[in-house]
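> After the structure tokens below, expect a handful of questions from me.
Since every read-out is calculated from the coordinates, none of them should be taken as a lab result. Just so we're clear, the structure is a prediction, and the values are computed from it rather than from any experiment. Note that each Cβ is placed from the backbone with ideal geometry, even for glycine, and that neighbours are counted across all protein chains shown.
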Amino acid sequence: MTTISRRDLELLFLGLGDTPDELLGSFGGITRLQKFIFLLEHEEGVIANKDGFEFTPYKAGPYSPKLYDDLEFLENLGLIESEVAAEATEEEAAEVDELTYEGLMGDSAESSEQQLSDGLGAADAYEERRYRLTPEGAKKVKDLVEGGKYQPVVDGIRKIKSKYGNHSLSDLLYHVYTKYPDMTTESEIKDRVLSHRRRK
């Protein structure tokens, strides 16, 4: 079984297209990224070492705070960058609320203030971010792919992107909610997501 760190997996996910030799280097929306990596674990069996992302049910379905932490770390390393793409969807806002809550309930006021001002807290809570590789990140992805060690991971990512890449966020959520109902127990948008398909 291939083992890979969460951060290398995220870099590969951001960088790979859904066909061989295609590098995209960009991915929009934290809710979409959360659901894609959840599906990668559950449908392709690609799980990062140290217990993966440990998804739990939350306001918009499966959620992992580790993903936010890793994205911030990769951005600080200069391997990815992000920009505000649009105002967050309701699903995006529901997930970012968790970060704001954790910041407010932290060990000290100083840590709370830092979290609320670091781009993942209250100031940017209702903005959707698009993540993309920097040139350094693209080189890292190229090295990971060409090394061949992570080919099963690469194949799994491409399968998930090929299968769900053209889904709207509503369709993606509908799939996750109907196939993995145990991940919807805390959802604040469950009724709206499940009624989406009936309205079509």
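> Over 32 Å between Cα atoms, which of Lys35/Lys140; Lys50/Lys161; Lys139/Lys190 qualify?
Numbers: Lys35/Lys140 24 Å; Lys50/Lys161 24 Å; Lys139/Lys190 40 Å.
Beyond 32 Å: Lys139/Lys190.
> What FRET efficiency do you get for Glu81 and Lys159 if R0 is 35 Å and r is their Cβ-Cβ distance, rounded to the nearest 0.05? Numbers along the way, then the final one.
Working: r = 27 Å, r/R0 = 0.77.
It comes to 0.85.
> Run the simple label-point estimate for Ser168 and Arg130 please: 7 Å along Cα→C-beta, distance reported in nm.
For Ser168 paired with Arg130, the spin-label model returns 2.0 nm.
> Which pairs break 25 Å Cα to Cα here: Lys149/Lys179; Lys59/Lys142; Lys159/Lys179?
On the way: Lys149/Lys179 31 Å; Lys59/Lys142 35 Å; Lys159/Lys179 18 Å.
Flagged as over cut-off: Lys149/Lys179; Lys59/Lys142.
> What full-extension length gain, to one decimal in nm, is calculated for Lys50 and Glu188 as 0.36 nm per residue of separation minus the Cα-Cα distance?
Fully extending the segment from Lys50 to Glu188 adds 46.7 nm.
> Report the full-extension gain for the segment Ser5 to Lys142: residue separation times 0.36 nm, less the Cα-Cα distance, to one decimal in nm. If you can, show how the numbers build up before the last one.
On the way: separation 137, 0.36 × 137 = 49.32 nm, distance 1.61 nm.
Result: 47.7 nm gained on full extension.
> Taking 7 Å along the Cα-to-C-beta vector as the label spot, tell me the Gln151-Thr178 distance in nanometres, rounded to one decimal.
3.6
> Calculated FRET efficiency, Glu43 and Ser195, Cβ-Cβ r, R0 41 Å, to nearest 0.05? Provide the component values of the computation, followed by the final result.
Working: r = 24 Å, r/R0 = 0.59.
Working from the Cβ atoms, E equals 0.95.
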